[in-house]
1. Using the heavy atoms of the protein chains alone and a 1.4 angstrom probe, what is the accessible area of the stretch 136-230 per residue in square angstrom?
2. Quick one: accessible area per residue over the stretch 262-328, 1.4 Å probe, rounded to a whole number of Å²?
3. Determine the alpha carbon to alpha carbon distance for each of K145/K276; K148/K240; K134/K265; K134/K295 and list only those over 24 Å.
4. Would you mind calculating the gained length between S147 and L238 on full extension (0.36 nm times residue separation, minus the Cα-Cα distance), in nm to one decimal?
5. Sum up the charges of everything whose Cβ sits under 15 Å from the Cβ of Q154, counting Lys and Arg as +1 and Asp and Glu as -1, but leave Q154 out.
6. Leaving out ligands, DNA and RNA, and with a 1.4 Å probe, what % of the accessible surface on the stretch 179-312 is carbon or sulfur?
7. How would you classify the stretch 181-333 from its alpha-carbon gyration tensor, with a ≥ b ≥ c the square roots of the eigenvalues: rounded for a/c under 1.5, else prolate if a/b is greater than b/c, otherwise oblate?
8. Can you tell me how much longer the chain between R297 and Q113 gets when fully stretched, taken as 0.36 nm per residue apart minus their C-alpha distance, in nm with one decimal?
Amino acid sequence: MMPKLVTRYAICLQLILLLSANGAPLWAKDTVQETERLAPASAIEAIDSADSVANDQWATSPVRTSQDEGMLAAGEKNGEETERQLDEARASALEEPANEGYKLAQAVPEQQQLVDSIEEVTRSIARAEIDLLKLNTRYRIESTKQSKFKVWRQFIYNLGQYSVSNAGIDHVAYARWHTWQHPARATKDFLRSGPIMLLIGHSIGVGGILIEGTLDLFGDYQRRRKGFDGASFRRSVLDKQREVDALIARREALIAGANLSHEAKALLSCEGELLKDVRDCALNEYAKFRVRAAKWRTARDVNSLVSFGAATTGGYLGALMAIIAIANRKPKM
């Protein structure tokens with residue numbers, strides 16, 4: 001179930017990267033387009049509204065009435081001065097709304113910059129998590145990797161060991177059956193032949209176990225040099241986890257400080273939960289692979305140890321004691 005789940009999450013991450021590579025994400029396109037559509041219109045509307053208010057104030061203001069009376073009294077000279085003052089008042093009334101419209105229009109590149117920052121962090125998180133999944137896959141392969149010729153070597157060891165040992169056991173049985181009524185007639189060389197063959201057979205088994213144990217140690221050394229032993233790979237996974245956690249925290253900080261719509265923040269929250277689930281799933285997968293590798297190594301080492309003990313104590317020493325007993329035999333009959 002876990003590999004299928006990891007595959008689904010990996011596909012989701014690839015889709016996120018694909019959507020991000022094609023431009024602004026779905027949650028950001030509506031926000032940016034709405035700002036681009038409303039900002040110029042709002043600025044123009046603010047300027048027109050201020051212009052209309054200024055004209056109305058100029059037409060209905062009591063100050064204008066007194067100034068008109070002054071113009072009528074003073075003539076053309078005072079009229080020019082009054083026109084200049086009215087132009088200054090009108091420009092002052094229009095200046096503040098125009099600045100507000102300019103600021104609103106400037107919000108478009110700032111919003112786009114914020115969208116780009118969030119998407120860049122999201123892509124970095126997705127790439128880091130895909131790297132973590134790749135590390136898990138590589139660790140699963142390397143941690144239980146063995147030579148393809150090991151099975152054939154073990155077949156040769158077992159064939160030699162059991163063939164020679166079986167021949168020795170058959171000779172021991174034949175010698176006892178042939179000389180049980182007259183033991184004194186059996187020569188020492190004839191009796192020693194069976195135990196010697198048993199000793200040779202178990203020696204083949206012990207030699208095979210030692211050879212395979214040496215090759216296993218060499219394989220562990222190579223994995224340790226590559227960084228795929230238990231301790232080294234655990235440090236790699238923890239470093240990658242800290243990197244992902246730092247990127248997720250940075251992404252959440254950018255979202256919290258952004259002035260986005262409720263729908264956009266909801267989509268970003270869902271995307272963040274997906275990224276966290278992928279991180280947790282990858283770490284759980286690593287834990288399962290770590291346990292699997294530990295079980296595999298333990299089974300391998302225990303099997304080698306048991307085989308070595310059986311070959312040395314049960315067969316090797318038994319055959320050696322039989323040879324010593326035959327060498328010191330003193331039959332009475």
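The values are calculated or read from the model by the stated rules, or taken from the named source; none is laboratory data. Just so it is clear, the structure is predicted and the values come from calculations on it, not from any experiment. When we count neighbours, we look across all protein chains shown, and the Cβ atoms used for this are built from the backbone with ideal geometry, even at glycine. All accessible areas refer to the heavy atoms of the entire protein, side chains included, with ligands and DNA or RNA removed. Shrake-Rupley method; radii C 1.70, N 1.55, O 1.52, S 1.80 Å.
1. Values: 6190 Å² over 95 residues.
Roughly 65 Å² per residue, with all protein chains present.
2. Details: 3830 Å² over 67 residues.
That works out to 57 Å² for each residue.
3. Details: K145/K276 31 Å; K148/K240 32 Å; K134/K265 30 Å; K134/K295 22 Å.
From K145/K276; K148/K240; K134/K265; K134/K295, over 24 Å: K145/K276; K148/K240; K134/K265.
4. Details: separation 91, 0.36 × 91 = 32.76 nm, distance 2.97 nm.
Computed gain between S147 and L238 is 29.8 nm.
5. Details: positive: K148, K150, R153, R300; negative: E212, D216.
Net local charge, Q154 excluded: +2.
6. Working: 4610 of 7740 Å².
Ligands and nucleic acids excluded, carbon and sulfur give 60 percent.
7. On the way: a/c = 8.54, a/b = 5.37, b/c = 1.59.
Prolate shape, in that a/c is at least 1.5 and a/b is the bigger ratio.
8. Between R297 and Q113, full extension yields an extra 61.1 nm.
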